[in-house]
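Below is one structure, written out as structure tokens, with a few remarks after it.
FYI, it's all coordinate maths here, none of it is from the lab. Quick caveat, the model's predicted, so the values are computed rather than measured. In this analysis, Cβ positions are derived from the backbone assuming ideal geometry, glycine residues included, and neighbour counts consider all displayed protein chains.
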Amino acid sequence: MNREHTEQEILRQADAWANAELRGDTTFLESILVDDYIGIGPLGFMLTKQEWLARHQSGELKYESFNLDEVQVRVYNDDAAILTGRQVQNGAYRGNSIQAQFRITLVFVRQQEQWQLASLQLSTIGQPPNMPQSR
């Protein structure tokens with residue numbers, strides 16, 4: 001499989017994942033997340049696959065908008081890929097607003113001829129620290 005085709009496949013899977021998050025589509029999320037999936041939130045907390053799905057199943061998490069942009073895909077061999085980008089969301093969790101933008105890293109692995117999401121990490125977007133100028 002050529003690298004460009006694989007990158008396009010990863011972008012399609014990431015878009016499908018983002019749409020499933022927006023709609024709270026736990027059936028699709030169940031199928032795309034690997035069994036030992038770990039999601040790392042912007043404050044460093046970790047959620048298993050079941051905990052990730054439970055936020056949607058309970059109805060406590062609702063999105064009005066959920067988008068990925070500024071994406072770049074790096075492919076490793078034919079069975080691993082990393083997507084980095086920006087996640088922009090507007091919604092609520094347990095009635096608390098979660099309007100934010102994050103830097104996101106999605107780790108995809110190819111299992112049984114299908115790309116699945118093995119892990120994600122969110123980080124708040126800030127300015128880089130002031131670094132001394134080299135002379």
Electrostatic dipole magnitude of region 47-113 [Cβ: Lys, Arg +1; Asp, Glu -1; Cα centre; debye, to 20]:
220
What dipole magnitude, in Debye to the nearest 20, does region 18-135 give about its Cα centre under +1 on Lys/Arg Cβ and -1 on Asp/Glu Cβ?
520
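Output the antiparallel fraction of DSSP beta bridges having both residues in the chain, as a percent to the nearest 5.
Working: 38 of 42 bridges.
Taking every DSSP beta bridge with both residues in the chain, the antiparallel ones total about 90 percent.
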Amide N of region 118-132 lying under 18 Å from the label point, which is placed 7 angstrom from the Cα of VAL34 along Cα→Cβ:
118-122
Return the single residue from THR48, THR84, THR27 with maximal mean-square fluctuation; model: Gaussian network over the chain, springs between Cα atoms under 10 Å.
THR27
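In whole percent, what relative contact order does the chain give with Cα contacts below 8 Å and a gap of six or more residues? Show your work: numbers first, answer last.
On the way: 241 pairs, mean separation 31.2, N = 135.
So the answer I get is 23 percent.
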Just flag the trypsin sites (Lys or Arg not before Pro) in region 37-122 sitting in loop per DSSP whose Cβ has no more than 16 other Cβ atoms within 10 Å.
ARG94
Which length gain, in nm to one decimal place, applies between ALA92 and LEU43 when the Cα-Cα distance is subtracted from 0.36 nm times their residue separation?
16.0 nm
I need two numbers for the chain: Rg to one decimal and Dmax as a whole number, Cα atoms only, in Å.
15.9, 57
Looking at the chain, identify the longest residue range that excludes and avoids all GluC sites (Glu not before Pro) in DSSP loops having at most 13 other Cβ atoms within 10 Å.
1-59
